[in-house]
Amino acid sequence: MIAVDLGSNTLHFIEYDGKKWGKSFEKIVRTAEGLNLHPEIGSLALERIIDAIDEAKKIFDFRVHEIVAVTTAAMRMATNSADILKKIHEKTGILFRIIDGENEALLTLKAVENRLHQLSLSTDEFVLADIGGGSTEIIVVSGSRCESKSFPLGIVTLSEKSQTDNILTNELESFSETIIRYIDTLALPSPPKTLILTAGTPTTIVAYLMGMSYASYDPVKINGSFLKRSDCEIVLDELMKMDEATRAYYVGVGREGLIATGIRIVEMVFEALRLERAVVIDDGLCEGVALDYFSERYIPHLT
């Protein structure tokens, strides 16, 4: 099968046969572009999505695989999502289904826990932060207990909302307080001691620290790596001193104008949880969709 995740910034594809992973592909499509100004997916974003799917068709044979395609925050927020998804289906043959924040969190957690098991890392107690383009999911695992909440603020939407650094700082302070209140309401026996980070920004920070460019990115090296809070400031400072073309070389075309906000969000999560180090996992929603497809407890919204 091929799992497809149309996020608010990036479109992901991955092959999976229930035992091993096959080819993968991703493209930055900026689905959520302009959503803060107009609650609609724009025509340019639609073109980018269709072009990216056409590009993926040169890599995957969609005729011989079942395709399970989901989409998330941008489509949840947009008033014209039904029309956009209909046009994508007509142009490409792929039918995307919108999933809510709770299922997005659960599927991402499935992928992350699977990778942690493979890395022989503990899955008993941690906070998972999935920082996306249009939303951020916070998942708290404590023994047999699992709680999650989706916050409708991500890298793309926050970047567009914050026209000045003061606005961004205020938004991040408010976001931090919201996360702290959420964790407090859970009344955990003790504060979370392990932070897991997934999605494009933390993986990009670690890749940069390892000397990778966007083109040479290797998820095998990323999975299970550690990111220190102090690394974020160093990487942010170095990236912001680059011209846009050089920055895009490291973070990807389409991310060069968003990476600063993404890193600031990562720093905010560290601060809110009062932690100084995190484990970074590359696997996310797309892998979770694939794993769920072969699970005995297949999530009904994907049928």
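The values are calculated or read from the model by the stated rules, or taken from the named source; none is laboratory data. These figures come from a predicted structure and were not determined experimentally. All Cβ positions, even for glycine, are placed from backbone atoms using ideal geometry, and neighbour counts span all protein chains on display.
Details
- Evaluation of Ile14 against the conditions (1) closer than 24 Å to Val220 by Cα; (2) in contact with a Leu (Cβ under 7 Å, 6 or more places away or on another chain) shows that the sole unmet condition is (2).
- The residue pairs whose first member lies in segment 217-233 and is within 11 Å of Ile263 (Cα to Cα), whose second member is surrounded by 13 or more Cβ atoms within 10 Å (Cβ to Cβ), and whose beta carbons are closer than 6 Å, counting only pairs six or more residues apart or on different chains, are Arg229/Phe270; Cys232/Ile263; Cys232/Val266; Cys232/Glu267.
- Residue in segment 102-117 that is farther than 22 Å from Leu11 by Cα and surrounded by fewer than 16 Cβ atoms within 10 Å (Cβ to Cβ) present: yes
- Within segment 17-29, the set of residues being surrounded by 15 or more Cβ atoms within 10 Å (Cβ to Cβ), touching a residue at least 24 places away in the same chain (Cβ under 8 Å) and either more than 28 Å from Leu258 (Cα to Cα) or in contact with a Leu (Cβ under 7 Å, 6 or more places away or on another chain) (or both) comprises Lys27, Val29.
- Only one of the listed residues (Phe175, Phe126) is of a type outside the set (Asp, Glu), in contact with a Leu (Cβ under 8 Å, 6 or more places away or on another chain) and surrounded by fewer than 20 Cβ atoms within 10 Å (Cβ to Cβ). That residue is Phe175.
- Residue in segment 30-38 that is surrounded by 22 or more Cβ atoms within 10 Å (Cβ to Cβ) and assigned to a helix (DSSP H, G or I) present: no
- Gly288 in contact (Cβ under 8 Å) with a residue 40 or more places away in the chain, surrounded by fewer than 19 Cβ atoms within 10 Å (Cβ to Cβ) and either within 23 Å of Ser135 (Cα to Cα) or not acidic (Asp, Glu) (or both): no
- The set of residues in segment 88-129 being outside any helix (DSSP H, G or I), in contact (Cβ under 8 Å) with a residue 12 or more places away in the chain and within 18 Å of Phe226 (Cβ to Cβ) consists of Leu119, Leu121, Ser122, Thr123, Glu125, Phe126, Val127, Leu128, Ala129.
- Set Ile53, Ile28: member being over 30 Å from Arg145 (Cβ atoms) and in contact with a helix residue (DSSP H, G or I) (Cβ under 6 Å, 6 or more places away or on another chain): Ile53
- Number of the condition not met by Ser122 [criteria: (1) within 24 Å of Cys286 (Cα to Cα); (2) in contact with a strand residue (DSSP E or B) (Cβ under 7 Å, 6 or more places away or on another chain)]: (2)
- Residue among Ser176, Ser190, Ser144 that alone is within 21 Å of the chain's Cα centre (by Cα), among the polar types (S, T, N, Q) and at negative phi: Ser176
- From the options Arg63, Arg48, residue that is surrounded by 15 or more Cβ atoms within 10 Å (Cβ to Cβ), more than 16 Å from Leu158 (Cα to Cα), of a type in the set (D, E, K, R) and outside the structural domain of Lys161 (by TED's automatic domain parsing): Arg48
- Test: residue in segment 140-156 that is part of a helix (DSSP H, G or I) and in contact (Cβ under 8 Å) with a residue 40 or more places away in the chain: yes
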